[in-house]
There are 2 protein chains.
Amino acid sequence: MSEVHASRRARLRERCAAAGTSAALVSRPANIRYLAGWAPPGAALLLAPGGDVLVHPRPTAAAPHDGEPPRDLRRVVLEGTDGDPVVAAADLVRELGADSLAVEEHHLTVVRHRAVASVAPGVRLAGLGRAVEQLRLVKDDEEIAALRVAAEITDQALGELLESILVGRTERHLALELERRLVDHGADGPAFATCVGTGPHSGAPRHVPTDRRVEEGDFLTVCLGADYHGYRCEVGRTFVIGSAPADWQVELYDVVFAAQRAAREALAPGVACRDVDRAARQVLERAGLCEAAAASTGHGVGLEIDEDPRITPSAMGKLDACVPVTIEPGVHFPGRGGVRIDDTLVVRPVADGGPELLTITTKELLAL
Amino acid sequence: MSEVHASRRARLRERCAAAGTSAALVSRPANIRYLAGWAPPGAALLLAPGGDVLVHPRPTAAAPHDGEPPRDLRRVVLEGTDGDPVVAAADLVRELGADSLAVEEHHLTVVRHRAVASVAPGVRLAGLGRAVEQLRLVKDDEEIAALRVAAEITDQALGELLESILVGRTERHLALELERRLVDHGADGPAFATCVGTGPHSGAPRHVPTDRRVEEGDFLTVCLGADYHGYRCEVGRTFVIGSAPADWQVELYDVVFAAQRAAREALAPGVACRDVDRAARQVLERAGLCEAAAASTGHGVGLEIDEDPRITPSAMGKLDACVPVTIEPGVHFPGRGGVRIDDTLVVRPVADGGPELLTITTKELLAL
């Protein structure tokens with residue numbers, strides 16, 4: 001993998017050169033992981049004319065999914081608890097032949113930025129913007145392969161839950177069980193805090209599981225995902241508990257399902273992100289559910305569970321091929337509940353068969 | 001509780017006035033929770049002459065431990081996904097009668113700080129420093145009561161684990177089981193990612209659990225803690241797996257235990273934090289374990305699991321009464337393992353009986 005990371009760093013270096021800065025200091029963990037293949041907590045990555053350097057505290061014994069320390073990259077290991085690797089990296093800028101430095105102003109705090117400036121007097125500081133996030137948007141084959149495995153694990157964990165008895169169990173216990181199953185099936189961990197909402201909590205985005213127990217007649221919304229080799233996916237489903245759903249449940253479910261399908265079908269290279277959002281939102285609006293609809297229809301996934309692009313009404317930009325996104329419209333009525341249906345897909349041109357669905361758990365309304 | 005929060009805000013307002021700023025914008029979640037009793041994700045809290053305002057996105061259905069929306073505080077709820085509450089709060093500064101604003105420069109990124117400045121032209125921006133963190137150092141009776149419950153839950157979860165069969169189980173499964181037990185006993189969640197390290201991973205600080213299975217003869221280090229009503233504690237123990245520990249295990253354990261006791265006994269109001277660190281470190285040095293010792297001996301706990309004060313060789317400042325801290329010296333040899341013993345205690349004067357031990361799980365070397 002190290003050539004992959006070296007070539008990513010070369011692309012970033014080109015962007016910096018084009019913007020007129022001779023060095024870049026990357027501090028956001030997912031960006032470091034992308035460029036170096038390894039991001040021990042607190043690390044900073046410096047790209048400079050005299051060579052690239054990864055500065056980090058002495059790492060603790062780590063899990064395999066943290067990646068491997070890069071062999072082709074100079075490393076500086078800080079001892080003790082007091083040095084900031086970002087500042088230590090900035091301290092190397094001059095000796096590595098740079099007189100200007102682009103930093104991640106959307107990640108560095110004001111205090112750290114000031115500390116960087118003070119150890120690099122005479123070095124012109126500039127903003128790197130979201131250059132690394134932009135490089136991360138379009139995934140290569142290996143990244144998509146990791147996402148496929150993450151989705152497979154996620155589907156397995158969810159599938160097993162559906163075979164067990166749910167009535168009487170609390171949201172928290174179901175969430176913990178799902179996370180255990182993710183790990184059983186080979187996940188390095190959950191991609192995000194598993195969300196289980198039942199009855200009045202169903203359909204709520206990012207609901208934090210409570211001690212409420214699953215009851216007959218409830219909607220049950222479950223949202224989970226695996227982290228596999230750093231890559232994170234997401235699946236969300238809503239079920240009915242009991243022998244048969246009520247009419248209002250079937251009606252609500254059908255609308256959200258139609259909205260989700262419309263957004264999935266809108267996914268194609270060149271399509272504006274906001275148009276994908278609109279495809280889902282129009283279906284909900286026609287059913288009079290506009291007020292109860294979630295603010296966001298989806299987002300990119302990769303080394304972070306919530307990354308660019310945004311699929312929202314005000315999102316800028318267009319989709320590209322090989323961009324993995326979630327499509328997760330939802331409707332929630334406070335005190336009553338709702339429905340959420342969430343898939344991870346990869347944007348593909350029609351010639352390649354259209355969007356690739358990674359999470360294949362059924363979207364029929366199951367009565368459990 | 002709302003008078004408690006109002007009086008905390010009054011104290012912060014006094015500090016700002018003394019520093020010559022008329023308003024404060026708090027963005028760090030634990031600081032908002034401390035001052036308002038409730039911190040929905042992404043919130044910002046503005047204290048201004050014309051009144052205090054909590055600005056936040058519409059919150060999702062949340063778990064009880066997120067606290068209650070404050071009744072005595074004006075709230076502004078942002079809809080959609082795009083507005084930054086920090087910026088929206090800064091936008092209110094002038095109409096609330098302030099011409100200067102102190103912000104948390106150690107929390108705000110450069111980009112957000114710039115956005116604050118641009119919506120508040122003519123308002124002088126200053127640094128709030130770690131003023132709220134300083135207020136949070138000394139805990140009141142209710143805060144300590146919450147920590148006591150958190151510690152009790154943590155001891156229960158750990159005690160149950162010790163009664164089960166450990167050989168053959170993986171670090172990950174033991175960590176997940178401990179987290180489930182924490183919730184079973186009433187925790188709102190784990191206070192931090194549970195750390196289970198066995199064999200060569202034992203004693204390593206912040207070890208991320210792997211698929212390694214517990215074997216006969218291993219050292220097993222477990223570190224966990226409950227979050228109860230937002231307050232977080234920590235316990236860490238090292239055990240031996242099998243009928244009897246080896247001589248080297250007993251020797252190593254005895255040294256770390258002596259170091260931990262020395263640091264616990266050094267805890268008193270007015271003692272320099274670095275002297276507490278030194279008390280533990282000298283014991284390890286005399287045994288020739290200086291190189292293998294952890295960089296930090298402990299830290300404060302409260303609304304965050306790792307907060308001020310620091311108990312490290314270079315820490316500044318002295319301890320006060322009613323400050324809860326961890327004492328957690330450890331020794332780790334890469335490839336071989338080690339020992340870590342970790343308690344949460346509250347600093348108390350000798351007249352009150354000295355340090356109050358919250359985590360009471362035995363520190364005998366158990367063979368399990």
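The values are calculated or read from the model by the stated rules, or taken from the named source; none is laboratory data. What you see is a predicted model, and the numbers here were worked out from it, not measured in a lab. Note that we place each Cβ from the backbone using ideal geometry, even for glycine, and neighbour counts take in every protein chain shown. Side chains included, ligands, DNA and RNA excluded: accessible areas come from the protein's heavy atoms. Shrake-Rupley method; radii C 1.70, N 1.55, O 1.52, S 1.80 Å.
Couple of notes before you dig in:
- Mean sequence separation of contacting Cα pairs (under 8 Å, at least six apart), scaled by the length of chain B, corresponds to a relative contact order of 14 percent.
- Only alpha carbons enter this Debye calculation for the stretch B:159-199, each as an equal point scatterer, and the log10 of I(q)/I(0) it gives at q = 0.16, 0.29 Å⁻¹ is -0.40, -1.12.
- Once the chain from B:Glu215 to B:Gln134 is taken as fully extended at 0.36 nm per residue, the excess over their C-alpha distance is 24.7 nm.
- For A:Ala191, the residues 5 or more places off, or on other chains, whose built amide H falls under 5 Å of its own are A:Gly225, A:Ala226, A:Asp227.
- Using a 7 Å Cα-to-Cβ projection, A:Gln282 label spacings across copies, nm, ascending: 7.7
- The phi-based Karplus calculation (6.51 cos²θ - 1.76 cosθ + 1.60; θ = phi - 60°) puts the 3J(HN,Hα) values of the stretch B:332-338 at 9, 10, x, x, 10, x, x Hz, whole numbers, x for Gly and Pro.
- For A:Cys223, the solvent-accessible surface with a 1.4 Å probe is about 10 Å², rounded to the nearest 10.
- Partnerless cysteines in chain B, where a partner means another cysteine C-beta under 4.7 angstrom, comprise B:Cys16, B:Cys233, B:Cys273, B:Cys290, B:Cys322.
- Here is how the number arises for the protein assembly as shown: DSSP H runs of 4 or more residues each give -39500 (n - 2.57), the sum is divided by the residue count, and the result at 222 nm is -10000 deg cm²/dmol.
- Rounded to the nearest 10 square angstrom, B:His185 shows an accessible area of 60 square angstrom against a 1.4 Å probe.
- Copy-to-copy label distances for B:Ala6, where each label lies 7 Å from Cα along Cα-to-Cβ, are 6.6 nm in order of increasing length.
- Taking a span of 30 Å or more along the helix axis (Cα atoms) and a mean Kyte-Doolittle hydropathy of at least -0.5 as the rule, the DSSP H helices of chain B that qualify are B:141-162.
- Volume of the convex hull of the stretch B:138-357 (Cα atoms only), normalised per residue: 109 Å³.
- Net lengthening on full extension, B:Arg75/B:Arg11 (0.36 nm per residue, minus Cα-Cα): 21.0 nm
- Among the protein heavy atoms, those of A:Asp211 account for about 90 Å² of accessible surface (1.4 Å probe, every chain in place).
- Considering all different alpha carbon pairs of the stretch B:239-368, the Kirkwood hydrodynamic radius works out to 15.0 Å.
- Accessible surface buried at the A:B interface totals approximately 2800 Å², computed with a 1.4 Å probe on protein heavy atoms.
- Inverse of mean 1/r across different Cα pairs in the stretch A:2-135, Kirkwood, Å: 14.6
- Mean-position separation - Cα centroids, the stretch B:1-42 and the stretch A:326-342, in angstrom: 34
- All other residues whose Cβ lies under 11 angstrom from that of B:Glu104 are scored, Lys and Arg at +1 and Asp and Glu at -1, for a net of +1.
- Percent RCO, i.e. relative contact order, over the stretch B:2-135, from Cα pairs under 8 Å lying at least 6 residues apart: 27
- Karplus 3J(HN,Hα) series, Hz, for the stretch A:49-57 with 6.51 cos²θ - 1.76 cosθ + 1.60 (x for Gly, Pro): x, x, x, 9, 9, 9, 9, 7, x
- The amide H of A:Thr359, built 1.01 Å from its N in the peptide plane, has A:Thr344 as neighbours under 5 Å, considering only residues 5 or more places off or on other chains.
- Residues whose placed amide H lies under 5 Å from that of B:Arg74, excluding near-sequence neighbours: B:Asp52, B:Leu54
- A Cα-only calculation for chain A places Rg and Dmax at 22.6, 72 Å.
- Hydrodynamic radius by Kirkwood, which averages 1/r over all alpha carbon pairs of the stretch B:307-350, in angstrom: 12.4
- At 7 Å out from Cα toward Cβ: B:Asp141 inter-copy label distances (nm, ascending): 6.9
- When chain B is treated as a GNM with alpha-carbon contacts under 10 Å, the residue of B:Gly330, B:Gly189, B:Gly168 showing the greatest mean-square fluctuation is B:Gly168.
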